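Novice: This is the structure, below, for whatever I ask next.
Computed from the coordinates by the stated procedures, all read-outs in this text should not be read as laboratory data. Fair warning: this is a prediction, and the values are worked out from it, not measured in the lab. Ideal geometry is used to build each Cβ from the backbone, glycine not excepted, and the neighbour counts take in all protein chains shown.
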Amino acid sequence: MTAKFCMECGHELETRDIDGTTRSACTSCSFVHWGSYSIGVGALVLKEDKLLLVRRAQEPGKGKWTNPGGYIEQHEPIQQTIEREVMEESGVEAIVKSVVALRDQPRSIHNVYIAFEMEYIGGEPTPDNVEVDAAGFFSLQEMETMNVADFTRWLVDVAFRQRVQGLTIDTNPIIPLHGYGLFRV
């Protein structure tokens, strides 16, 4: 769907060349529609050499096993998003340890997906029976016979074969930046 009216003042948008790219811009104010973007997050939760997976109960990917995850909410810090998504989809409590992978998928809605290594805190895998209909911790050997989504297979490799710690939460930045989620090496 293409935007036709300004999200700031309601006037009609027109097509304009802005810095060499055709964009929708307001005919009345300075609003420019820079594009459509979404940010997804995924959890890699290991417990006793097994990875937490959930089976999708709805499209896309119905019937496939994936790592828990979802999309960030507008005013929710990304760290809270992934911890909430893991709890909602699997009933497992886990906290962020580090950022370990990133997928960039340019398309009509440009998607960036950030994968987090998470520390298992507690809880038994229990599906929400809305988004997912099964949940559990699985070994690499068990996953060989499961219908694991292709991108999740790549993330499984990241989870079991990562060589570095990744970006960790900066809990003590040199300058207090309230409202920022800061991760660093």
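Novice: Determine which lysines satisfy two conditions relative to LYS64: a Cα distance under 29 Å, and not lying fewer than 8 residues away in the same chain.
Specialist: LYS47, LYS50, LYS97
Novice: Measuring from a point 7 Å past the Cα of VAL32 along Cα-to-C-beta, which residues in segment 1-20 have an amide N at less than 12 Å?
Specialist: Correct set: 16-20.
Novice: Given H placed on each backbone N at 1.01 Å, which residues far from ILE121 in sequence or on other chains put an amide H within less than 5 Å of it?
Specialist: When sequence neighbours closer than 5 places are left aside, the close amide H contacts are GLU93, ALA94, ILE95.
Novice: Can you give the relative contact order of the chain as a percent, counting alpha carbon pairs under 8 Å and 6+ residues apart?
Specialist: Details: 364 pairs, mean separation 39.9, N = 185.
After rounding, I find 22 percent.
Novice: Among DSSP bridges having both ends in segment 10-138, what percentage is antiparallel? Round to the nearest 5.
Specialist: Details: 32 of 42 bridges.
In segment 10-138, DSSP labels about 75 percent of beta bridges as antiparallel.
Novice: Rank-order 32-41, 174-183 by packing density, defined as the average count of other C-beta atoms within 10 Å over each peptide's residues, highest first. It would help to have the intermediate numbers written out before the result.
Specialist: Values: 32-41: 14.6, 174-183: 8.9.
The most tightly packed comes first, giving 32-41, 174-183.
Novice: Calculate, in nm to one decimal, what ASN172 and THR15 gain on full extension: separation in residues at 0.36 nm each, minus their alpha carbon distance.
Specialist: 52.0 nm
Novice: At 0.36 nm per residue, and after removing the present C-alpha to C-alpha distance, how many nm does the segment from GLU124 to ARG153 gain when stretched out fully?
Specialist: Numbers: separation 29, 0.36 × 29 = 10.44 nm, distance 2.27 nm.
Gain on stretching GLU124 to ARG153: 8.2 nm.
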